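Working notes, beginning with the structure itself.
Nothing in this text is a laboratory measurement; each read-out follows from the coordinates by a stated rule. The model shown is predicted, which means the values in this text are computed figures rather than measured ones. In this analysis, Cβ positions are derived from the backbone assuming ideal geometry, glycine residues included, and neighbour counts consider all displayed protein chains.
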Amino acid sequence: MTNTELKDIFDGFDPAEHEAEARERWGETDAYRQSTARTGRYTKADWEAVKAEMNAIYARYVSLMAAGTPPDSAEAQAVAADHRAHISARYYVASPEMMRGLAQMWMADERFTRNIDRAGEGLAAYSSAAVLAWAEEQ
């Protein structure tokens with residue numbers, strides 16, 4: 001797939017703009033190698049499925065937020081577990097510790113916060129808290 005096709009699928013997000021930083025930060029890790037190997041084989045249909053799966057996870061979090069369900073609830077932790085399963089199936093096997101690091105990064109790096117919050121205001125904080133609660137229980 002071309003970067004243009006990926007940008008079209010992901011509403012203008014261009015992963016190539018972040019590749020050098022990702023390689024510098026995580027390039028020596030098994031997770032990076034596993035993710036690169038998996039995603040390098042993805043077709044347009046695969047990427048569309050990845051996006052649809054993530055949108056469904058985000059929609060579940062947003063629904064829980066709208067209902068006032070605490071992020072440390074069993075319901076939110078179930079979504080966090082599915083979030084982890086999505087990452088593990090599509091990118092790399094994500095341990096609870098890795099999920100904890102991701103959840104912290106979603107809040108520490110405003111680029112992640114801003115991107116996640118496009119699906120719902122406050123979603124980055126809510127999903128981060130849900131994943132942290134899930135990871136704590138593992």
Between (1) 44, 34, 29; (2) 48, 27, 27; (3) 41, 29, 25, which entry matches Cα extents along the principal axes in Å as derived from the coordinates of this structure? (3)
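Would you work out the charge dipole size for the chain about its Cα centre, treating the Cβ of every Lys and Arg as +1 and the Cβ of every Asp and Glu as -1, and quote it to the nearest 20 debye?
With only Lys, Arg, Asp and Glu charged at Cβ, the dipole is about 280 debye.
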Helix check for the chain. Which DSSP H runs span at least 15 Å along their own axis by Cα, with a mean Kyte-Doolittle hydropathy no less than -1.0? 44-66, 74-90, 96-108, 123-137
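Given a Förster radius of 35 Å and the C-beta distance between residue 111 and residue 53 as r, what FRET efficiency does 1/(1 + (r/R0)^6) yield to the nearest 0.05?
On the way: r = 21 Å, r/R0 = 0.61.
FRET efficiency, residue 111 to residue 53: 0.95.
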Farthest positive-ward along the chain dipole, Cα basis, beta-carbon charges - from 103, 15, 126: 15
